[in-house]
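The values are calculated or read from the model by the stated rules, or taken from the named source; none is laboratory data. Bear in mind the structure is a predicted one, so any value in this text is a computation, not a measurement. Neighbour counts are summed over all protein chains in view; Cβ atoms, including those assigned to glycine, are modelled from backbone coordinates with ideal geometry. Side chains included, ligands, DNA and RNA excluded: accessible areas come from the protein's heavy atoms. Shrake-Rupley method; radii C 1.70, N 1.55, O 1.52, S 1.80 Å.
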Amino acid sequence: MIKNYIKTAFRSLLKNKGYSFLNIFGLAIGIACAALIFLWVENEVNFDSVNVKKDNLYVVRENLPLDTRVFTHSSTPGLLGPAMVADMPGVAQTCRTTEGDISYLFSIGDRSVFASGRYAEASIFSMFTLPFVQGNAATAFAQVHSVVITQKMVKKLFGNDYNVIGKSVQVDGKQSYIVSGVIKDLPANSSIQFEWLIPFKVYYDQSPWLKSWNNNSLKTYVELKPGVSVETVNKQLYSYVQQHEPKVPSHTFLFAMKDWHLRDDFKDGKMTGGGQIEYVRMFTVIAWIILFIACINFMNLATARSEKRAREVGVRKVLGAGKGLLITQFIGEALFLSILSAIVAMVIIAAILPTYNTLVQKQLTLGLDNPYHLIALTLITVICGLIAGSYPSLYLSSFNPVSVLKSVRLKTGGAAFIRKGLVVLQFTVSIVLIISTIIVYQQIQHVKNRQLGFNKDNLLEMDLQGQMGRHYDVIKQELLNTGFVENVALADHSPLYSGNNMSGLTWDGKPADSKVLISMRYVNPEFMETAGLKVVDGRNLTVTDSVQEHKQVRVLITRSLERLMGNGSAVGKILRGTGDTTTIVVVGIVNDFQYGDMNTSKSDPVMFLGVTPQHANLLYAKLKSGNDVEKSLAAIQAVMKRNNPAYPFDYRFVDDQFNELFATEMLVSKLSTVFASLAIIISCLGLFGLAAYTAERRIKEIGIRKVLGASVSGITGLLSRDFLQLVVLSCVIAFPVAYWAMQNWLKHYEYKIEIQWWVFIAAGVAAIFIALATISFQSIKAAIANPVKSLRSE
């Protein structure tokens, strides 16, 4: 019997090649889309899962209460980690590291490599899963001047020499370090990334400010003992820093590793539950929706062609086949088609995976050797087969054999109603995706095109490395002499980012309980013109305003800080640090500019202080507009090689950094566009098949109409009308759903667009046009057919 069913399934496929292609290809696209999305989702939810102790690892965060909000950050005092181990029984160990990436030049002989890493305590090797391929964790930091590097850095620094333990490397042309260990390269979905680790003691001994409870400049990681409640430790941590330094207003708490990547979104000091997890949920839903749309195609085409198999059902019932057996047969056929679709989907995925990886900026693999991937693929295939075959099997198995064998025309009203409902559902979802894609793109462009208050275009940023600070005056003049550079300046942080900040400044008239977070920027006088900032009152900084040369500090402030200091001009007003005798004199006012979170509508206050070349971190060059960028970069590189030959020419354009701030949103926009397009394609495949079936079913009616004088356009309109009505109904349903969904999405943004009515009209017109183009092919084909052939049997 099973053999007979398999033969029947094959014959049906071969007899109806077009129908089979639409079913298999439609399902294959759906499965391929879903599989690609699930690969991305898997990578996201498995962030940091390489760490065996993931469930017990935390990073310490602080909540700083301000006048307008609670500011959450990860900078902590240098004394916090050891004190927690001593005072809190639930803490197994802690690890202090420097914040962010520190880049140094590593040299051995005539080979040099510029690499980024961190200073860290030895406990990092026992807390985090960092497998050693050379050396071991116990002795890695036994010597102060030792360094642990990754396999990737070994290849860059030592070439094919993999036995590197005990070899000496020079760091930044100053101190020599002994390679004490080599660890496996970190996976891309790890929150902690580095190419080297140096003992924290080196940094600690060079940084006296770390010995204060009133200075936040480190990351503190914590491992709790098994079974210890994080809530209990957080109660101890809440006022822990104040117990050591009462003037500190912040409250500390533990933030779990499992949430670092997915739920790193805080508002007023509390987790919102949002973050990357929202996009994971959204694309998971989209994956299942696309699969469902593909299954709808199968159901529609199967029920539409029911008359073709009516006699087969009738004969089988007369010969004793029960309804259950027939349901099993048709479900089996659906599963067979689903398996074929899954095979085609794997071929599609293998072909487009490299392009997809470029799009999502990951290194995803199909991984069919992974049992979890095989199980997931099997489940998707079975689910698709069951969903796609469920209604057709119930419908076909319910035919009355007497009516079928007497050639009584089947009543298909109920089936036709369900088919129309499924078409409406398909296009409703597709139209919602189209509208959502347009609005996501509009929001991203709205933020990217906002006025920032400074000019990011043609602004080149370089790390101040090696001898660049010492040779700054020469470098500056040579850059200007190239003819490609308009201005040169120094700073400690990019204008796009928050930089260092403090909340302890006071001034006359400031309420005693007021807390204002002020970003501190160290720049030289040329920075304002180079970055396109304007001094709107008072004067600019001068070389003699450097904070290293005066106890009385002269500064520039932004308009937003001036407004906080009271009415009138702030030029000449004095600010003071809490408990500090140093006076800060305002000599000029700068226009507000946007930095940090680009989705907010306000500009936070900034203070600019003078800096000398020896204490700056970044060099900026403003390129002249209209020049060839490649020639400009070549000229700048030549200057850098002459004055800082040991270091590679490493640069960044600020406008590229700006675009990177929207990396997640841009990815969402691109993926939404791709999957919305595929949803439309899948829907149109089904519509194409239904149009072909409708034209075939009404072939004799069309022949009679043509004989009686009907035009091609009239017949085309007749066949298209019903389908276009369904698409219009889809628009009516989709518009309010899309509006509601996008309004909820836009709530996350303070600086946002207003949803425009024309977006819905454009999406509706596009859907109607696409549907009309799909239907018209079959309609015109039927309309121009020879009526003699269709009426020959009458």
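A646 - would you say it is buried (at least 18 other Cβ atoms within 10 Å of the Cβ), touching a Gly at 6+ places or on another chain (Cβ under 8 Å) and within 15 Å of I475 (Cβ to Cβ)?
Working: buried (at least 18 other Cβ atoms within 10 Å of the Cβ): no; touching a Gly at 6+ places or on another chain (Cβ under 8 Å): yes; within 15 Å of I475 (Cβ to Cβ): yes.
Answer is no for this residue.
Quick one: which residue in S569, S514, S519, S560 is closer than 30 Å to N458 by Cα, touching an Asp or Glu at 6+ places or on another chain (Cβ under 7 Å) and not in a strand (DSSP E or B)?
Details: S569 fails: closer than 30 Å to N458 by Cα; S514 fails: closer than 30 Å to N458 by Cα; S519 fails: not in a strand (DSSP E or B).
None of the others qualify; the one that does is S560.
What pairs can you find where one residue is in region 648-674 and assigned to a loop (DSSP other than H, G, I, E, B), the other is modelled with pLDDT under 85, and their Cβ atoms are less than 7 Å apart, with a gap of 6+ or different chains?
L661/M598
Name the pairs: first residue in region 468-483 and within 16 Å of P613 (Cα to Cα), second residue open to solvent by 60 Å² or more (accessible area, probe 1.4 Å) and part of a helix (DSSP H, G or I), Cβ to Cβ under 7 Å, at least 6 apart or on different chains?
Hits for this filter: G469/Q614.
Test G626 against the stated conditions and say whether it is more than 33 Å from the chain's Cα centre (by Cα), free of Cβ contacts under 8 Å to residues at least 12 places away in the same chain, under 23 Å from N455 (Cα atoms) and open to solvent by 20 Å² or more (accessible area, probe 1.4 Å). Can you show your working first?
Details: more than 33 Å from the chain's Cα centre (by Cα): yes; free of Cβ contacts under 8 Å to residues at least 12 places away in the same chain: yes; under 23 Å from N455 (Cα atoms): yes; open to solvent by 20 Å² or more (accessible area, probe 1.4 Å): yes.
For G626, the condition - more than 33 Å from the chain's Cα centre (by Cα), free of Cβ contacts under 8 Å to residues at least 12 places away in the same chain, under 23 Å from N455 (Cα atoms) and open to solvent by 20 Å² or more (accessible area, probe 1.4 Å) - is met.
Examine region 54-70 for a residue that is part of a loop (DSSP other than H, G, I, E, B), hydroxyl-bearing (S, T, Y), within 24 Å of the chain's Cα centre (by Cα) and within 28 Å of P131 (Cβ to Cβ), and state whether such a residue exists. Write out each step before concluding.
Within region 54-70, the subset part of a loop (DSSP other than H, G, I, E, B) is 66-69.
Remaining after also requiring hydroxyl-bearing (S, T, Y): 68.
Now drop any that are not within 24 Å of the chain's Cα centre (by Cα), which leaves none.
No, region 54-70 contains no residue that is part of a loop (DSSP other than H, G, I, E, B), hydroxyl-bearing (S, T, Y), within 24 Å of the chain's Cα centre (by Cα) and within 28 Å of P131 (Cβ to Cβ).
Looking at region 577-590, can you tell me whether even one residue there is open to solvent by less than 10 Å² (accessible area, probe 1.4 Å) and at pLDDT below 90?
Keep residues of region 577-590 that are open to solvent by less than 10 Å² (accessible area, probe 1.4 Å), which gives 586, 588-590.
Filter once more, keeping what is at pLDDT below 90: none.
Within region 577-590, not a single residue is open to solvent by less than 10 Å² (accessible area, probe 1.4 Å) and at pLDDT below 90.
Rundown of residues vs (1) open to solvent by less than 60 Å² (accessible area, probe 1.4 Å); (2) of a type in the set (F, W, Y); (3) in contact with an Asp or Glu (Cβ under 8 Å, 6 or more places away or on another chain), yes/no style:
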residue: W213; (1), (2), (3): yes, yes, yes
residue: T220; (1), (2), (3): yes, no, no
residue: S229; (1), (2), (3): yes, no, no
residue: Q236; (1), (2), (3): no, no, yes
residue: L254; (1), (2), (3): yes, no, no
residue: W260; (1), (2), (3): yes, yes, yes
residue: M282; (1), (2), (3): no, no, no
residue: W288; (1), (2), (3): no, yes, no
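Sort out which residues of region 593-617 are open to solvent by 40 Å² or more (accessible area, probe 1.4 Å) and part of a loop (DSSP other than H, G, I, E, B), and write them in order of number.
D597, S601, K602, D604, N617
Residues being over 14 Å from I584 (Cα atoms) and surrounded by fewer than 17 Cβ atoms within 10 Å (Cβ to Cβ): count how many of those fall in region 539-555. I'd like the intermediate steps shown before the answer.
Residues of region 539-555 over 14 Å from I584 (Cα atoms): 539-540, 542-544.
Still in the running and surrounded by fewer than 17 Cβ atoms within 10 Å (Cβ to Cβ): 539, 542-544.
Final tally of qualifying residues: 4.
Hey, Y162 hits all of (1) within 30 Å of D597 (Cβ to Cβ); (2) surrounded by fewer than 16 Cβ atoms within 10 Å (Cβ to Cβ); (3) aromatic (F, W, Y) but one; which does it fall short on?
Every listed condition holds for Y162 apart from (1).
Could you run through region 762-780 and say how many residues are more than 17 Å from A676 (Cα to Cα) and without any contact (Cβ under 8 Å) to a residue 60 or more places away in the chain?
Counting residues in region 762-780 that are more than 17 Å from A676 (Cα to Cα) and without any contact (Cβ under 8 Å) to a residue 60 or more places away in the chain gives 2.
Starting from region 118-143, take each residue that is in contact (Cβ under 8 Å) with a residue 24 or more places away in the chain and on the phi < 0 side of the Ramachandran plot and list its partners that are in a helix (DSSP H, G or I) and not polar (S, T, N, Q), counting only C-beta distances under 6 angstrom and pairs at least six apart or across chains.
Matching pairs, first to second residue: Y119/F200; Y119/Y203; A120/F200; E121/F200; A137/F125.
Condition test on D265, is it open to solvent by 10 Å² or more (accessible area, probe 1.4 Å), touching a residue at least 12 places away in the same chain (Cβ under 8 Å) and closer than 16 Å to E44 by Cβ?
Numbers: open to solvent by 10 Å² or more (accessible area, probe 1.4 Å): yes; touching a residue at least 12 places away in the same chain (Cβ under 8 Å): no; closer than 16 Å to E44 by Cβ: yes.
Judged against the criteria, D265 is not a match.
For region 1-59, how many residues are open to solvent by less than 40 Å² (accessible area, probe 1.4 Å), at pLDDT below 75 and touching a Ser or Thr at 6+ places or on another chain (Cβ under 9 Å)?
So the answer is 4.
Of the residues A115, A92, only one is part of a strand (DSSP E or B), open to solvent by less than 50 Å² (accessible area, probe 1.4 Å), in contact with a Lys or Arg (Cβ under 9 Å, 6 or more places away or on another chain) and within 18 Å of L224 (Cα to Cα); which?
A92
More than 28 Å from N215 (Cβ to Cβ) and open to solvent by less than 20 Å² (accessible area, probe 1.4 Å): is that true of L505 in this structure?
Details: more than 28 Å from N215 (Cβ to Cβ): no; open to solvent by less than 20 Å² (accessible area, probe 1.4 Å): yes.
No: the conditions fail for L505.
Determine whether region 166-173 contains at least one residue that is assigned to a strand (DSSP E or B), farther than 23 Å from T94 by Cα and of a type in the set (G, A, S).
Looking for residues that are assigned to a strand (DSSP E or B), farther than 23 Å from T94 by Cα and of a type in the set (G, A, S), one finds at least one in region 166-173, hence yes.
Name the pairs: first residue in region 148-172 and over 18 Å from P199 (Cα atoms), second residue in a loop (DSSP other than H, G, I, E, B) and open to solvent by 10 Å² or more (accessible area, probe 1.4 Å), Cβ to Cβ under 7 Å, at least 6 apart or on different chains?
From region 148-172, the pairs are Q151/K184; Q151/D185; K152/D185; K152/E195; V154/Y162.
Please go through region 458-502 and pick out each residue that is in a strand (DSSP E or B) and surrounded by fewer than 19 Cβ atoms within 10 Å (Cβ to Cβ).
Kept after step one, since they are in a strand (DSSP E or B), are these residues of region 458-502: 459-463, 485-491, 500-502.
If the condition is that a residue be in a strand (DSSP E or B) and surrounded by fewer than 19 Cβ atoms within 10 Å (Cβ to Cβ), then D463, E486, N500, M502 are the ones that fit.
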